[in-house]
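Undergrad: Submitted below is the structure of interest, expressed as structure tokens.
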Amino acid sequence: MTRKTIRYTEKVKHVIQYFGLLTVLLVVWQVLSMLGFIQPIIMPPPTQVAVVFWELLKSGVMIRHIGISVLRVLEGFGIAVILGLLLGMAIGLSKTLARMTDLIIQVIKPIPPIAWIPLAILWFGIGEQSKVFIIFLGAFFPVIVNTIDGIRQTDQKLVEVARMLEVSRSRFIFQVVIPGAFPAIMTGLRVGLMVAWMCVVAAELIAASSGVGYLIMDARQLSQSDVVLVGMITIGIIGKLMDSLIYRIEKRAIKWKTAFTGV
């Protein structure tokens with residue numbers, strides 16, 4: 001076999017492995033539905049979900065809901081990234097600031113974003129600001145915690161070498177600490193983005209009339225389980241695409257990073 005044929009075979013193998021399990025699950029789901037083991041009103045078959053998705057897409061309804069939800073996520077996640085990175089770097093570099101903020105972060109961090117909805121309404125009303133605030137809260141803590149941990153995990157040997165060479169503090173931070181923390185920071189961004197999408201449904205509980213989260217909640221009230229599944233799958237697909245984008249940026253920015261991918 002030529003090298004080109006081997007490479008092509010490997011790619012086909014990877015594609016089969018990547019989509020294989022999902023395909024099997026969908027086929028089993030469809031067969032069980034056709035045989036009557038799964039009631040359509042509880043769990044509609046994949047074909048019905050696909051038809052409903054196409055109809056919503058063709059009518060433009062789904063595009064409108066997706067656009068609004070994506071905008072909300074980008075706003076909340078963007079604010080979380082800016083504040084999380086700045087505060088995370090400051091806390092990671094300053095022992096005094098770390099002691100001052102540790103208790104506050106550890107107490108607020110476990111509170112689920114949905115618990116903030118009453119306060120969000122009181123502070124910001126029922127408009128876009130309250131929805132963006134809930135999404136921001138969900139994304140903020142993964143970003144700031146991973147940034148702090150990444151900076152604190154700077155190799156002590158590098159710190160000692162920098163002191164011996166009398167490297168300036170600013171140069172040490174920008175050329176050693178931050179690059180070393182970059183993998184952890186990127187992990188924080190990916191987790192933060194995932195949580196931001198998880199918060200969309202909660203955020204769109206606040207007097208929303210649009211968005212994928214609203215579509216899911218409205219369909220639940222109307223017992224439209226197929227539309228509920230369409231909304232859930234849509235969030236999953238968009239979240240996957242955005243996560244893949246961050247992952248590609250990470251791979252390009254951190255070419256020296258290697259990861260264990262299994263045996």
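The values are calculated or read from the model by the stated rules, or taken from the named source; none is laboratory data. On a predicted model such as this, the values are computed, not experimentally measured, just so you know. Please note: Cβ atoms are built from the backbone with ideal geometry, for glycine as well, and neighbour counts cover all protein chains shown.
Undergrad: Give me the pairs, please: first residue somewhere in the stretch 1-23 and farther than 30 Å from I237 by Cα, second residue anywhere and polar (S, T, N, Q) and surrounded by 10 or more Cβ atoms within 10 Å (Cβ to Cβ), beta-carbon distance under 9 Å, and either six or more positions apart or on two chains.
TA: Note: pairs meeting the criteria are M1/T9.
Undergrad: Oh, and also: Cβ-Cβ distance below 7 Å, separation of 6 or more or different chains: which pairs start in the stretch 208-223 with a residue that is without any contact (Cβ under 8 Å) to a residue 60 or more places away in the chain and end on one that is surrounded by 13 or more Cβ atoms within 10 Å (Cβ to Cβ) and among the small types (G, A, S)?
TA: Note: pairs meeting the criteria are I216/G231; A219/G231.
Undergrad: On the given criteria, is M89 farther than 21 Å from G236 by Cα and at pLDDT 90 or above?
TA: Yes.
Undergrad: Check the stretch 254-262 and report whether any residue there is more than 19 Å from Q48 (Cα to Cα), surrounded by 10 or more Cβ atoms within 10 Å (Cβ to Cβ) and either modelled with pLDDT of 90 or more or not hydrophobic (A, V, I, L, M, F, W, C) (or both).
TA: Yes, because at least one residue in the stretch 254-262 is more than 19 Å from Q48 (Cα to Cα), surrounded by 10 or more Cβ atoms within 10 Å (Cβ to Cβ) and either modelled with pLDDT of 90 or more or not hydrophobic (A, V, I, L, M, F, W, C) (or both).
Undergrad: Looking only at residues that are at pLDDT below 90 and within 18 Å of G231 (Cβ to Cβ) in the stretch 20-54, which one is surrounded by the fewest Cβ atoms within 10 Å (Cβ to Cβ)?
TA: For the stretch 20-54, the residue satisfying everything is I42.
Undergrad: Continuing with the same structure: Can G92 be described as small (G, A, S) and either surrounded by fewer than 11 Cβ atoms within 10 Å (Cβ to Cβ) or not assigned by TED's automatic domain parsing to the domain that holds I134 (or both)?
TA: No.
Undergrad: Which members of the stretch 55-77 meet the condition of being surrounded by 15 or more Cβ atoms within 10 Å (Cβ to Cβ) and small (G, A, S)?
TA: Across the stretch 55-77, the qualifying residues are S69, G76.
Undergrad: Can you list residue pairs whose Cβ atoms sit under 9 Å apart, with the first residue in the stretch 238-251 being without any contact (Cβ under 8 Å) to a residue 12 or more places away in the chain and the second being surrounded by fewer than 12 Cβ atoms within 10 Å (Cβ to Cβ)? Count only pairs 6 or more apart in sequence or on different chains.
TA: Between residues of the stretch 238-251 that are without any contact (Cβ under 8 Å) to a residue 12 or more places away in the chain and residues that are surrounded by fewer than 12 Cβ atoms within 10 Å (Cβ to Cβ), the close pairs are K251/K257.
Undergrad: Please verify whether V143 is touching a residue at least 40 places away in the same chain (Cβ under 8 Å), surrounded by 18 or more Cβ atoms within 10 Å (Cβ to Cβ) and not acidic (D, E), treating the condition exactly as stated.
TA: In short, yes.
Undergrad: Let me ask something additional. Answer with yes or no whether S209 is part of a loop (DSSP other than H, G, I, E, B) and over 24 Å from I91 (Cα atoms).
TA: Judged against the criteria, S209 is a match.
Undergrad: Run down V70, V12, V24 and say which single residue is of a type outside the set (F, W, Y) and within 30 Å of A203 (Cα to Cα).
TA: The unique qualifying residue is V70.
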